[in-house]
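Q: Provided herewith is a single structure, encoded as structure tokens, for subsequent inquiry.
The values are calculated or read from the model by the stated rules, or taken from the named source; none is laboratory data. As the structure is a computational prediction, the values presented were derived from the model and not from experiment. Reconstructed Cβ throughout: ideal geometry from the backbone, glycine too, with neighbour counts over all protein chains shown.
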Amino acid sequence: MKPLEPLGSFAAVTRLHCRIELPADYRLADFLAFHRRDPQEVAERVTADSLTKGLCWAKSAACLSIRFRDNAAEVWLDIDSGADPAAPKPSPSAAQLEHRAWLMLGLTQSVDEFEQQYRGHSQLGALIRRVPGLRIPLAASPFEALSWAIIGQQISVQAAISIRRRLIQAAGPQHSSGLWCYPDARQLSRLSDASLRGTGLSAGKVRTFRALCEALESGLLQLDAESCNAERLGAQLLQLKGIGPWTANYALMRGFGWLDGSLHGDAAVRRSLQKLLAMTDKPTERQTQDWLADFSPWQALVAAHLWAFDAGSRP
């Protein structure tokens, strides 16, 4: 696979490339499955060995292409010339691209240390042996991770995917390759409440997005992956109405690779813990929180193993 070529006369003005060596046990299927959510592929296209994704980079429409071969990831980023004349011109670097790709691929996570410590654990050890080398794939940006967490609150995954698709097409720019780009906070804030509701968001989630975008625009909240203090950012997120512990911790996990967030309110985590511990009743959120706390600073990674256990147990 080569990077998608621009359509028409609107040429990409910046092309970046990097190559990342992968661990011998890298679980490519997990990474591709995370991005293979929308069957209509308006913003992401996934094959057996590649991901092509539209995203906003330095306030411009961009297309990220990752091809996996020879135990390495070849990464390209094609950035369109700014369709928004008011937006500053991008000044990206291959180092920035490589940093984000490392995060997306889960390569910053201390998986080996985690597995070495808990492989012999009476309960968790069985989960590790089922899926050794498990990593948590990340979204292409912290804002995408956070907005996906808000969209998915208390609705089915399929419903969340449909809303996400409509939100992308309503607010995001379209890259010259034809892919739609996941919008950033600035683009999302331009939509009216009626337009946001038209994507399927509830009135409560519209208010949450408004508060989030205002906090980002004012500088009260910053989603800088390179300088993020996860615990401080989590506390700031919890100050926004409509964002609770699950949303904050999920966003920190998928946006920054923070592995110590407790996902004790997650239904699949509790369901899997019930099976793992052979409990008659599903554990309460408090019981789940107490159990996960024993595995700090890897609570979110433990939750990912419970997700894998849940998925593997279903027909």
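Yes/no matrix, rows are residues, columns are (1) in contact with a Pro (Cβ under 7 Å, 6 or more places away or on another chain); (2) at pLDDT 95 or above; (3) under 26 Å from G312 (Cα atoms):
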| site | (1), (2), (3) |
| --- | --- |
| L233 | no, no, no |
| A248 | no, yes, no |
| L263 | no, yes, yes |
| Q289 | no, yes, yes |
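Q: If you take the residues of segment 93-111 that are farther than 19 Å from G255 by Cβ and not polar (S, T, N, Q), which of them is modelled with the lowest pLDDT?
A: Here the residue is A94.
Q: Answer yes if at least one residue in segment 136-152 is farther than 23 Å from L223 by Cβ, in a helix (DSSP H, G or I) and of a type in the set (D, E, K, R), and no otherwise.
A: no
Q: What number goes with the only condition from (1) surrounded by fewer than 21 Cβ atoms within 10 Å (Cβ to Cβ); (2) under 17 Å from A251 (Cα atoms); (3) touching a helix residue (DSSP H, G or I) at 6+ places or on another chain (Cβ under 7 Å) that V157 does not pass?
A: (3)
Q: Now for a different question. State the number of residues belonging to segment 105-124 that are surrounded by 13 or more Cβ atoms within 10 Å (Cβ to Cβ) and not in a loop (DSSP other than H, G, I, E, B).
A: Total satisfying the criteria: 6.
Q: Looking only at residues in segment 276-315 that are assigned to a loop (DSSP other than H, G, I, E, B), in contact (Cβ under 8 Å) with a residue 60 or more places away in the chain and touching a helix residue (DSSP H, G or I) at 6+ places or on another chain (Cβ under 6 Å), which one is farthest from G261 (Cα to Cα)?
A: This residue is F295.
Q: Between residues in segment 245-271 that are farther than 20 Å from L103 by Cα and free of Cβ contacts under 8 Å to residues at least 40 places away in the same chain and residues that are of a type in the set (D, E, K, R) and in a helix (DSSP H, G or I), which pairs lie under 7 Å by C-beta distance while being six or more apart or on different chains?
A: H264/E285; G265/E285; R271/D310
Q: Quick one: in segment 162-193, which of the residues that are of a type in the set (D, E, K, R) and over 15 Å from E41 (Cα atoms) is surrounded by the most Cβ atoms within 10 Å (Cβ to Cβ)?
A: If we take residues in segment 162-193 being of a type in the set (D, E, K, R) and over 15 Å from E41 (Cα atoms), then D184 is surrounded by the most Cβ atoms within 10 Å (Cβ to Cβ).
Q: I've got another one for you. Return the only residue of R27, R67 being within 22 Å of A311 (Cβ to Cβ), touching a residue at least 60 places away in the same chain (Cβ under 8 Å) and either out of contact with any His (no Cβ under 6 Å at 6 or more places or on another chain) or crowded, with 16+ Cβ neighbours inside 10 Å (or both). Talk me through it step by step, then tell me what you get.
A: Numbers: R67 fails: within 22 Å of A311 (Cβ to Cβ).
Answer to the check: R27.
Q: Pick from A278, A235, A215, A230: which is over 30 Å from A95 (Cα atoms), surrounded by fewer than 20 Cβ atoms within 10 Å (Cβ to Cβ) and aliphatic (A, V, I, L, M)?
A: A278
Q: Between G219, G204, G198, which is within 27 Å of L97 (Cβ to Cβ) and of a type in the set (G, A, S)? Full working, then the answer.
A: Numbers: G204 fails: within 27 Å of L97 (Cβ to Cβ); G198 fails: within 27 Å of L97 (Cβ to Cβ).
Result: G219 is the single residue among G219, G204, G198 that is within 27 Å of L97 (Cβ to Cβ) and of a type in the set (G, A, S).
Q: Is at least one residue of segment 82-96 buried (at least 21 other Cβ atoms within 10 Å of the Cβ), of a type outside the set (F, W, Y) and outside the structural domain of T199 (by TED's automatic domain parsing)? Outline the logic, then answer.
A: Filtering segment 82-96 for residues buried (at least 21 other Cβ atoms within 10 Å of the Cβ) gives none.
Checking segment 82-96: not a single residue is buried (at least 21 other Cβ atoms within 10 Å of the Cβ), of a type outside the set (F, W, Y) and outside the structural domain of T199 (by TED's automatic domain parsing).
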